[in-house]
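Structure, as structure tokens:
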Amino acid sequence: MPSHRTMQAIVLDTFGGPQVLRLCETPRPAPGAGEVLVRHTAIGVNFHDCYVRSGLYRTLPLPGIPGIEATGVVEALGSGVAGLAVGQRVGWVSGRYGGYATHRVMPAAEAIRLPDSLDDADLAATLMKALTVSVLVSRAHVVQPGQTVLVHAAAGGVGQLLCNWCRHLGATVIGTVGTRAKAAVAEAAGAHHIILYREEDFVARVQQITGGAGVAAVYDAVGKDTFAGSLASLAFEGTLVNYGQASGPVAALTPADLAVRSLTLVRPIVFHYLRDADRLADLSSRVFDAFAAGVIRPIAPLRLPLAEAAAAHEVLESQRSPGGVVLLP
Ligand SMILES: NC(=O)c1ccc[n+]([C@@H]2O[C@H](COP(=O)([O-])OP(=O)(O)OC[C@H]3O[C@@H](n4cnc5c(N)ncnc54)[C@H](OP(=O)(O)O)[C@@H]3O)[C@@H](O)[C@H]2O)c1
């Protein structure tokens, strides 16, 4: 057990497979001016963490503690912090990393107060995804009633929330999934049409479902395996929202590839939309309102001990995630 001077953390000191994620005892930082010390209660595991661990993203200086979201309790306040109290329940989503640990110090301005109605582990599994989906449906592409949208990996964590939210906004949702079991999950999340994209030609099915018109938007975080088909599935003036690359990075393209039907390509990263306190407050209140109104439902995650971070990454990378995975300190 860590003493009050130390904490347990997964410290990444080299890029590689899941086995590079090892638990260590490390000094526990003290909060400076404007900062708080948070004791984590649940830590969200995301694909971003896999990209950081593998070295695809070189955004965490090594050695470093990965992890971009968690829930917890404020344990100490630095000087000048107002509006937060010791013992207060908070969550955070940030590209400053530091999630895979029993504790972390963070700017007080990045702490999000959590509604009592939502469980810590469910929130740690869902908050970053829900903020992302809020961006995807209202900024990257504004979903309008009557539009048809294509959501790839519709039974994934982000995929389920996208189906929830797009359907609520009045869109017809076509969801692609890898297995028949996932088809039921995507349907329960709100997809009107399901395509088993490993068995069927999804471009042909989209054309069939839309009467040859194509879709107004495609939400694609599968990347390499689906990108070309996603472009081909768009209607005139359609928007391809490429927000990830679970199957691998997307090949280069040129503006002429978009000129075929006056298409738009957007490549959003959620942190850019959370870059200051006002934006964070605005997006998080939209997300909590959406939870409260039942527009989106929190995802019940797979729960693993912090020491099993490697197993958590294996679950994500082998497409076995129920839509959310959390580490419990
Ligand atoms: N841009 C942003 O700011 C942002 C924010 C959050 C998440 N994301 C991205 O959103 C994506 C989904 O995240 P998530 O948390 O929803 O993950 P998830 O629940 O694990 O869903 C990912 C799904 O992608 C599909 N997939 C297809 N090929 C895959 C492959 N080779 N390896 C793994 N999965 C593959 C699988 O569904 P099937 O079995 O149905 O094919 C898998 O279940 C990730 O790419 C992530 O990086 C981006």
Residue satisfying condition, being assigned to a strand (DSSP E or B) and either under 15 Å from E69 (Cα atoms) or modelled with pLDDT under 95 (or both), within set M106, M128: M106
Matching residues in region 278-311 - criterion: being assigned to a loop (DSSP other than H, G, I, E, B), touching a residue at least 12 places away in the same chain (Cβ under 8 Å) and over 16 Å from the mean Cα position of the chain (by Cα): V295
Out of Q160, Q144, sole residue that is farther than 20 Å from N46 by Cβ and either open to solvent by less than 60 Å² (accessible area, probe 1.4 Å) or not assigned by TED's automatic domain parsing to the domain that holds V315 (or both): Q144
From V149, V177, V185, residue being within 13 Å of the ligand (Cβ to nearest atom) and buried (at least 23 other Cβ atoms within 10 Å of the Cβ): V177
Selected residue (criterion: nearest to the chain's Cα centre (by Cα)) from residues of region 221-240 that are near the ligand (Cβ under 9 Å from one of its atoms) and under 17 Å from L136 (Cα atoms): A221
Scope region 61-74; condition farther than 17 Å from L328 by Cβ and surrounded by fewer than 18 Cβ atoms within 10 Å (Cβ to Cβ); matching residues: P61, L62, P63, G64
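Rundown of residues vs (1) of a type in the set (A, V, I, L, M, F, W, C); (2) farther than 30 Å from I112 by Cα, yes/no style:
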| position | (1), (2) |
| --- | --- |
| T226 | no, yes |
| L231 | yes, yes |
| N242 | no, no |
| G248 | no, yes |
| D257 | no, yes |
| D276 | no, no |
| A281 | yes, no |
S230 being touching an Asp or Glu at 6+ places or on another chain (Cβ under 7 Å), polar (S, T, N, Q) and part of a helix (DSSP H, G or I): yes
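The values are calculated or read from the model by the stated rules, or taken from the named source; none is laboratory data. Here the structure is a predicted model, which is why all the values come from computation and not from measurement. Reconstructed Cβ throughout: ideal geometry from the backbone, glycine too, with neighbour counts over all protein chains shown. Side chains included, ligands, DNA and RNA excluded: accessible areas come from the protein's heavy atoms. Shrake-Rupley method; radii C 1.70, N 1.55, O 1.52, S 1.80 Å.
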